[in-house]
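Participant: Got a structure for you, written out below as structure tokens; questions coming shortly.
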């Protein structure tokens with residue numbers, strides 16, 4: 001069980017750092033990207049990809065939470 005908690009803790013730290021980087025990117029880089037590529041962030045394929053990412057991460061978290069210990 002300690003191994004599973006270690007993995008959760010590592011992913012929690014990575015998620016926290018990723019959130020900080022995402023906030024920075026949103027404030028610094030996103031306006032630049034939006035001015036360079038105005039159509040990409042409204043494109044259906046891009047939004048579908050983001051939705052698929054969130055869904056996949058949710059499935060992995062649920063699977064890891066309910067999978068039996070070895």
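Participant: Return 41, 11 ranked ascending by Cβ neighbour count within 10 Å, so the fewest neighbours appear first.
Facilitator: Working: 41 12, 11 15.
In order of increasing Cβ crowding within 10 Å: 41, 11.
Participant: Additional query: Per DSSP helix of 4 or more residues, -39500 (n - 2.57); summed, then divided by the residues of the chain. What does that give at 222 nm, rounded to the nearest 500? Write out the running numbers ahead of the final one.
Facilitator: Numbers: 3 runs with 57 residues, N = 70.
Theoretical 222 nm ellipticity from helices: -28000 deg cm²/dmol.
Participant: Taking only Cα atoms, what is the 0 to 90° angle, nearest 10, from helix 44-66's long axis to the longest principal axis of the chain?
Facilitator: Around 10 degrees separate the two axes.
Participant: On each of the three principal axes of the Cα atoms of segment 2-66, give max minus min coordinate, whole Å, ordered largest first.
Facilitator: Sorted from largest, the Cα extents of segment 2-66 read 47, 24, 9 Å.
Coordinate-derived values only; no laboratory data. These numbers come from a predicted model, not from an experiment. Here Cβ is always computed from backbone atoms with ideal geometry, including for glycine, and neighbour counts include all displayed protein chains.
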